[in-house]
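Participant: I have a structure here, written as structure tokens, and I will follow up with some questions on it.
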Amino acid sequence: MRPGSCCRNQAAGSGVFAAIDLTAMMAGRPSGWSRAAILQLVLGVNLIVMPPAQARSLRFVTVLYRHGDRSPVKTYPKDPYQEDDWPQGFGQLTKEGMLQHWELGQALRQRYQGFLNTSYHRQEVYVRSTDFDRTLMSAEANLAGLFPPDGMQRFNPNISWQPIPVHTVPVAEDRLLKFPLGPCPRYEQLQNETRQTPEYQNASTQNAQFLDMVANETGLTDLTLETVWNVYDTLFCEQTHGLVLPPWASLETMQRLSRLKDFSFRFLFGIYQQVEKARLQGGVLLAQIRKNLTLMAATSQFPKLLVYSAHDTTLVALQMALDVYNGEQAPYASCHIFELHQEDNGNFSVEMYFRNESHKAPWPLILPGCPHRCPLQDFLRLTESVVPKDWQQECQLTSSSADTEVIVALAVCGSILFLLIVLLLTVLFRMQAQPPGYRHVADGEDHA
């Protein structure tokens, strides 16, 4: 659904009405005028002399999506299917995943028809991905559906595709899209405290025998509430691609594993001290989104569309920070949409949507305490509590741990400098030790 626009009928007329003495008319001096007629005339004058209202318009869109269908990221010891059974190995985007994102790109193209150019303009779109094959390739497949080349953009008449840049940073440096973020001592402390909560303890007790059964069937020795999602993920991927599951992986077992998988997401970002966890996790991404919305409301700069290609944990971390998470794992190619609109009165509002079903329109998401069409200032105010002021300080990173890399770098540089000084002194010593007139004797002909 594209954002609608509102319009007003404007009465046609000339400026002659501005010359009428309305004060005298209201005082009753001109005969033959009723108060109702005078009021109607006043309203008519206002409609004429007031500037026309600005139509509501879409100004900026941010899209965060999960990659498409992939192979399992790992297997378990007793699994009959190993990495060689997958065409590209573990954790890789499949053809189904490519198609899912191409279709999502087509859906975004249709939704924002009239807002984005039908052809690709580099100033309008910026794409950032985590540095994983599956997220990078998902972004590329998505862009193929969003901006199929047309006319002069087709570099080969037989190929309906064009290269569009996707930006990334190394995984170790990603502090925006790869969750959970770390190292963060305070977050680890919160996780330890979460393990002591009644909800976590009850879940451990209720599922102890089930986890023992799964551990025995899979050959895993360290299976917990926090790691059992890996078993479900592997079985789900195999089942999705038509592989036969072992007898113990019954429908009931798969449903229970699915519930535990969803529990593991809540463990990461909720259950206990959700607001503080958000400040250390999803609030970091939300802070950047807030900055972008504020900037685009203050200027008319590009881009019009900012795209983040990431993971289910990225979506859950963000939605838990916003308190709009539905409690279930984000499906492949699902996306969270932020739309910044300028209202007809000049103010700005934010609308959020979640597309988690390919054949249905995105679901409206409502930020607690605000209507769906949430005024920008209210959106910023209501999300302020989950945005960190200083992430490193709130993570309780000590100066020693925060400066470890600097100390190591200085030590390496100092060692290199010391070796260079020793080498230089050695050369100088040998030069001074040479007897006067000493020359090396060439043991062969001169070289050209």
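Throughout, read-outs are computed from the coordinates displayed, never taken from laboratory work. Computed from a prediction, not measured in an experiment: that's the story for all the values here. Cβ sites come from the backbone with ideal geometry, for glycine too, and all protein chains shown count toward neighbours.
Participant: For an R0 of 60 angstrom, estimate the FRET efficiency from the Cβ-Cβ distance between Gln209 and Lys389 and round to the nearest 0.05.
Facilitator: In this case the efficiency is close to 0.85.
Participant: For a protection proxy built on the mean count of beta-carbon atoms within 10 angstrom, sort 354-366, 230-242 highest first, please.
Facilitator: Put in order of decreasing packing, that is 230-242, 354-366.
Participant: Apply 1/(1 + (r/R0)^6) to the Cβ-Cβ distance of Asn326 and Asn347, taking R0 = 30 Å, and write down the FRET efficiency to the nearest 0.05.
Facilitator: 0.50
Participant: In addition: Among the listed pairs Lys178/Lys389; Lys261/Lys291; Lys304/Lys389; Lys74/Lys95; Lys74/Lys178, give every one whose C-alpha distance is greater than 22 Å.
Facilitator: Exceeds cut-off: Lys261/Lys291; Lys304/Lys389.
Participant: Between Ile366 and Ser258, 0.36 nm times their residue separation minus their Cα-Cα distance comes to what?
Facilitator: Residue separation times 0.36 nm, minus the Cα-Cα distance, leaves 36.3 nm.
Participant: Based on the Cα coordinates of region 57-394, what is the per residue volume of their convex hull in Å³?
Facilitator: Measuring per residue, one finds 152 Å³ for the Cα hull of region 57-394.
Participant: Around Thr234, under 9 Å between beta carbons, what's the net of Lys plus Arg minus Asp minus Glu among the other residues?
Facilitator: -2
Participant: Kindly identify region 119-269 as rounded, prolate or oblate by the Cα gyration tensor criterion: order the square roots of the eigenvalues as a ≥ b ≥ c, call it rounded if a/c is under 1.5, otherwise compare a/b with b/c, prolate if a/b is larger, else oblate.
Facilitator: In terms of gyration-tensor shape, oblate.
Participant: If I model a spin label at Leu428 and Asp378 as a point 7 Å from the Cα along the Cα→Cβ vector, what separation in nanometres do I get?
Facilitator: Roughly 7.5 nm, to one decimal.
Participant: For region 237-278, take the alpha-carbon Rg, divide it by the Kirkwood Rh, and send me Rg/Rh.
Facilitator: 1.21
Participant: Give the distance, in whole Å, between the Cα centre of region 276-341 and the Cα centre of region 115-184.
Facilitator: What the calculation gives is 17 Å, centre to centre.
Participant: So, R0 is 25 Å and r is the distance between the beta-carbons of Arg195 and Gln88; what FRET efficiency does that work out to, to 0.05?
Facilitator: 0.10
Participant: Under 17 Å Cα to Cα from Lys360, which aspartates and glutamates show up? Leave out anything in the same chain fewer than 8 places away.
Facilitator: Glu103
Participant: While we're here: Can you tell me the order of 161-170, 196-205, 142-151 when each peptide is scored by its average per-residue count of other Cβ atoms within 10 angstrom, highest first?
Facilitator: 142-151, 161-170, 196-205
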